[in-house]
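Bear in mind these aren't lab numbers, they're just calculated from the coordinates by the rules spelled out. All values derive from a computational prediction rather than experimental measurement. Cβ coordinates were reconstructed from backbone atoms using ideal geometry, including for glycine residues, and neighbour counts include every protein chain displayed.
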Amino acid sequence: MIGKIFPKSAGSFKNRIRYIYGCTKHDHEISGIRTISHNTMSRDPLPAVLRGDESDVLEMIREFDQVETLRRFSIDSDKPIKPVFHAMLSLRPGESLTTSQWRTAVQKYMTDLGFDETNQFVAVMHQDKDHQHVHIVANRIRLNDDFSMVKDSNERSVSLDSVSGIEDRFGLTKAPKPKDTWGVSISHAELQASIRDNDLPLKHKMIAKIAGAIERTQATNGDMFDFVRALRKQKVYINLTLNDEGQPKGISFEFDGKHISGRQLKRSRLTWHKLTTQEGINYDPETIHELQREIARRDSEEQERARIYYYEFVAVNGRRRKPLYVKFTARDYEVQKMIQAILELIDEIFDALFKPRECRLKRNYIEYTPGQQFLIPEDMELSV
């Protein structure tokens with residue numbers, strides 16, 4: 001489950017309540033709407049809405065809006081307030097809760113955030129193709145003697161804890177934690193894509209990888225070269241924008257073929273200036289040419305990782321006619337050493353057992369480079 005709190009607003013509840021009942025345009029398809037619970041005096045607007053009648057929706061909106069009017073008459077204060085609260089709880093594709101379970105989940109969530117029976121609220125479920133999500137619209141003004149407001153300090157942390165408790169209670173898939181997104185909030189569109197694809201948005205995967213590279217660089221008091229190498233291990237690459245003096249003034253990150261600038265990812269931490277000052281990644285302006293070469297190593301290393309080698313074993317004048325091939329990559333250094341040891345052992349064995357018949361194991365070294373065709377005969381025995 002993913003919990004999201006939308007920006008609070010002042011004024012009328014009209015836009016939010018009409019939105020959750022499908023009276024306004026949505027950015028996603030809705031195949032079903034269901035009222036989960038509400039505590040207003042006005043009746044459930046859904047039956048009338050399904051008939052094309054918004055009168056009950058407007059009545060509910062008037063009831064929500066009236067509370068701020070009462071507060072304004074009762075409290076001598078010009079302090080601006082934002083009473084309109086809107087949150088959403090979204091399940092992963094394939095997961096679902098019954099109406100009763102959703103009601104329990106909404107009640108727990110609202111209670112954890114500080115709402116009580118004196119706060120108006122309405123919760124409506126949307127069935128969005130293959131996943132369910134519930135919108136909660138609530139009034140932060142309590143209908144008590146002093147019309148107190150629900151405090152919103154630390155509400156996002158409280159929201160995460162509450163959602164985690166709901167997940168545990170109903171056996172739901174755990175949502176990504178702040179450490180996975182480095183404290184960057186997920187937009188509504190990204191949230192929908194994340195739920196649809198059952199994966200973190202690309203932007204947040206990039207941030208998680210970059211954050212790990214920063215932490216590893218900081219742990220060793222490393223410099224920009226160490227940072228580039230740490231990123232490369234995560235398959236994240238950088239591109240620098242240079243100023244008139246030939247020094248970096250901007251940085252962008254590339255992952256899975258997509259480029260995003262540090263400013264767009266997280267302007268408070270991932271710009272070139274923040275990386276070299278706030279994050280403490282050392283950079284010597286005299287090394288700019290060497291740094292550019294280190295950055296450019298990306299292509300050659302990708303080529304090397306794709307390189308494939310084969311050891312070919314052929315028995316000369318012996319009984320075995322089909323060659324035996326052992327495949328490994330350039331990164332399998334330990335495998336190479338093991339093969340070398342096995343070859344030396346085989347040489348000793350064949351020298352001792354078959355030398356009178358002049359049967360020796362012949363080995364060839366075959367290299368395959370990406371871009372060049374290497375065909376293995378159909379009758380070749382290949383060991384991987």
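The table below lists the values:
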{"quantity": "Net charge contributed by nearby residues that have their C-beta within less than 12 Å of LYS79 (K/R +1, D/E -1)", "calculated": "+1"}
{"quantity": "Among 73-79, 269-275, the order from most to least packed when residues are scored by Cβ within 10 Å on average", "calculated": "269-275, 73-79"}
{"quantity": "Translational diffusion of region 1-147, µm² s⁻¹ [Kirkwood Rh, Cα pairs; Stokes-Einstein; 20 °C; 1.002 mPa s]", "calculated": "135"}
{"quantity": "Per-peptide average of other Cβ atoms within 10 Å, ordering 165-171, 211-217, 284-290 highest first", "calculated": "211-217, 165-171, 284-290"}
{"quantity": "Order by protection proxy (mean Cβ within 10 Å, highest first), peptides 9-19, 150-160", "calculated": "9-19, 150-160"}
{"quantity": "Computed log₁₀ I(q)/I(0) - Debye formula, equal Cα scatterers, no solvent, region 202-304, q 0.14, 0.16, 0.21, 0.25 Å⁻¹", "calculated": "-0.48, -0.64, -1.17, -1.70"}
{"quantity": "Pairs from LYS8/LYS249; LYS235/LYS274; LYS82/LYS205; LYS79/LYS266; LYS203/LYS235; LYS151/LYS274 whose Cα-Cα separation, in the structure shown, is over 25 Å", "calculated": "LYS8/LYS249; LYS82/LYS205; LYS79/LYS266; LYS151/LYS274"}
